[in-house]
1. Whenever you get a sec, line up Asp178, Asp66, Asp170 from highest to lowest accessible area (probe 1.4 Å, protein heavy atoms).
2. Would you mind classifying region 54-191 by shape? Square roots of the alpha carbon gyration tensor eigenvalues, ordered a ≥ b ≥ c; an a/c under 1.5 is rounded, otherwise it is prolate if a/b is larger than b/c and oblate if not.
3. Among Ser164, Gly189, Ala144, whose Cα sits farthest toward the positive end of the charge dipole of region 127-191 (+1 at Cβ of Lys/Arg, -1 at Cβ of Asp/Glu, about the Cα centre)?
4. Between region 144-191 and region 1-55, how far is it from one alpha carbon centroid to the other, in angstrom?
5. Could you give the nm distance between label points at Ser151 and Asp184, where each point is 7 Å from its Cα heading toward the beta carbon?
6. Nothing charged except the Cβ atoms of Lys and Arg (+1) and of Asp and Glu (-1): what's the magnitude of the dipole of the chain about its Cα centre? Round to the nearest 20 debye.
7. Run the paramagnetic zone check for Ala25: 7 angstrom along Cα to Cβ, then residues of region 51-84 with backbone nitrogen under 13 Å.
8. Starting from the Cα of Phe191, step 7 Å along the direction of its Cβ; do the same at Asp66; then give the gap between the two resulting points in nm.
Amino acid sequence: MKAPIDFYFDFSSPYGYFAAEKIDAIAAKHARNVNWRPTMLGAVFKVTGGKPLPEWPLKGEYSKHDMARSARFHDVPFKLPAPFPVGTVAACRAFYAIPRDRQPAFARALYRAYFVENVNIGEADNVLRIAASLGLKPDLSDSALKERTKSEVEGSIARGVFGSPYFIVDDEPFWGIDRFDQLDRWLRGPF
């Protein structure tokens with residue numbers, strides 16, 4: 001059996017959203033599974049010294065244009081939400097609280113709520129409403145869940161994850177939706 005693709009993403013990342021809409025198809029094309037692994041860029045930025053794209057001079061304005069263009073290129077519905085970005089602690093905890101086989105659909109529902117319907121997924125009540133719409137009832141106050149989320153985020157940083165989306169396949173890292181062609185080529189055979 002071929003190793004799965006580890007797919008790291010932040011729920012507040014538009015590029016992570018675009019990848020979430022595409023990753024299962026590319027994995028299926030190459031007979032791979034996907035390990036969906038949300039992380040939190042806020043924690044990553046504490047290590048890297050980074051900050052959200054909108055906060056960078058010049059790059060922030062460009063990124064808004066690029067997000068819209070990238071959505072059109074990938075044929076994914078998109079509307080830059082307000083506020084943007086948001087904290088994703090509740091979204092990550094809810095994700096890790098639900099059964100693994102339900103996680104991809106839940107992740108896509110969160111992304112679409114935020115980047116299509118402008119629902120603030122930084123608010124726990126909204127995350128819980130989205131979960132309930134799928135018949136899920138995560139307990140965000142569970143201390144073991146809080147610890148698991150912390151461990152998953154720390155684990156992503158330990159693996160070198162510094163952005164969203166970030167893919168690791170056969171120990172080879174790929175960062176960004178713009179690396180999908182390289183990821184596809186690698187899955188046919190390393191180069």
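1. On the way: Asp178 105, Asp66 25, Asp170 70 Å².
Listed by decreasing accessible area, they come as Asp178, Asp170, Asp66.
2. On the way: a/c = 1.67, a/b = 1.20, b/c = 1.39.
It is oblate, given that a/c is not under 1.5 and a/b is not larger than b/c.
3. It is Ala144.
4. One Cα centre to the other: 6 Å.
5. Distance between the two pseudo-spin positions: 3.7 nm.
6. Working: 26 positive and 23 negative charges, 36 e Å.
Dipole of the chain, to the nearest 20 debye: 180 debye.
7. Within reach of a label on Ala25: 72-77.
8. Using points 7 Å along Cα→Cβ, the separation is 2.1 nm.
The values are calculated or read from the model by the stated rules, or taken from the named source; none is laboratory data. Keep in mind it's a predicted model, so treat the numbers as computed, not measured. All Cβ positions, glycine included, derive from the backbone under ideal geometry; neighbour counts span all protein chains shown. These accessible areas exclude ligands, DNA and RNA; they are computed on the full protein's heavy atoms, side chains included. Shrake-Rupley method; radii C 1.70, N 1.55, O 1.52, S 1.80 Å.
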